[in-house]
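The values are calculated or read from the model by the stated rules, or taken from the named source; none is laboratory data. As the structure is a computational prediction, the values presented were derived from the model and not from experiment. Virtual Cβ from ideal backbone geometry, glycine too; neighbours counted across all protein chains shown. Protein only, heavy atoms only, side chains kept; ligands, DNA and RNA dropped before computing areas. Shrake-Rupley method; radii C 1.70, N 1.55, O 1.52, S 1.80 Å.
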Amino acid sequence: MKSIQDSIIVNAPIHKVWEAIKDPQIHMQWHPFVTHIGGEHAHGAIRQCSAEVGGKAGYTEERCSLYEEDHKIMWEIQKDSTGFSDMVTDWAAGFTLQDNNGQTTLVIAQSFFRPKKFFVHLMMPMIRYKFHQVQKQILGGLKHYAEIH
């Protein structure tokens, strides 16, 4: 299993950060790539996301596989328009939140997957680089939103 993780400190209490993540309508406001979310953020729920990354429109269909109020949410990516899900299995992504004395929140963005094709192992340096870039932009959008709202 490959794991790619990035984190950021948000100068807002955990409940405020969690609200920005768990509400799909708010989530779309701060996420730098998502243009639409259909469905809800609840354990077992399926959501459809439209996104634009690098000038290319795309979509994912994801099932919420883990939901711990004010702490953690993970989605299993079941379909995507990039073809990445054809190269990997067990692809999941989400957030973990840790309270820092009620004033700030540590947010960890995580992505996990298992390569199912040999060349994916060879591409891991580039894949890691791209995932880090994307996750850092997502965390930056969340930080900006939570700190001003």
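Some observations on this one:
- All-pairs Cα distance distribution in the chain, expressed in whole percent, bin size 10 Å: 11, 43, 36, 10, 1
- Packing-based order for 139-149, 109-119, using average beta carbon neighbours within 10 Å, highest first: 139-149, 109-119
- If only the Cβ of Lys and Arg carry +1 and only the Cβ of Asp and Glu carry -1, the dipole of the chain around its Cα centre is close to 620 debye.
- Residue-by-residue Karplus 3J(HN,Hα) for the range 135-149, coefficients 6.51, -1.76, 1.60, Hz, glycine and proline x: 4, 5, 5, 5, 4, x, x, 5, 4, 4, 4, 5, 7, 9, 9
- Label zone at Met1 (point 7 Å along Cα-to-Cβ), backbone N below 19 Å, the range 96-113: 96-97, 108-113
- These residues, Thr105, Thr35, go from largest to smallest accessible area, 1.4 Å probe, as Thr35, Thr105.
- Extension gain (nm, one decimal) between His144 and Lys16, 0.36 nm per residue minus Cα-Cα: 44.9 nm
- Net length gained if the chain between Met87 and Val120 were fully extended (0.36 nm per residue, minus Cα distance): 11.2 nm
- Taking all Cα pairs closer than 8 Å and separated by 6 or more residues, the relative contact order of the chain comes to 31 percent.
- Structure note, pairs Lys2/Lys136; Lys117/Lys143; Lys79/Lys130; Lys72/Lys117: Cα-Cα distances above 25 angstrom occur for Lys117/Lys143; Lys72/Lys117.
- The orientation-averaged shadow of the Cα convex hull for the range 51-99, equal to a quarter of the hull surface, comes to 4.2 nm².
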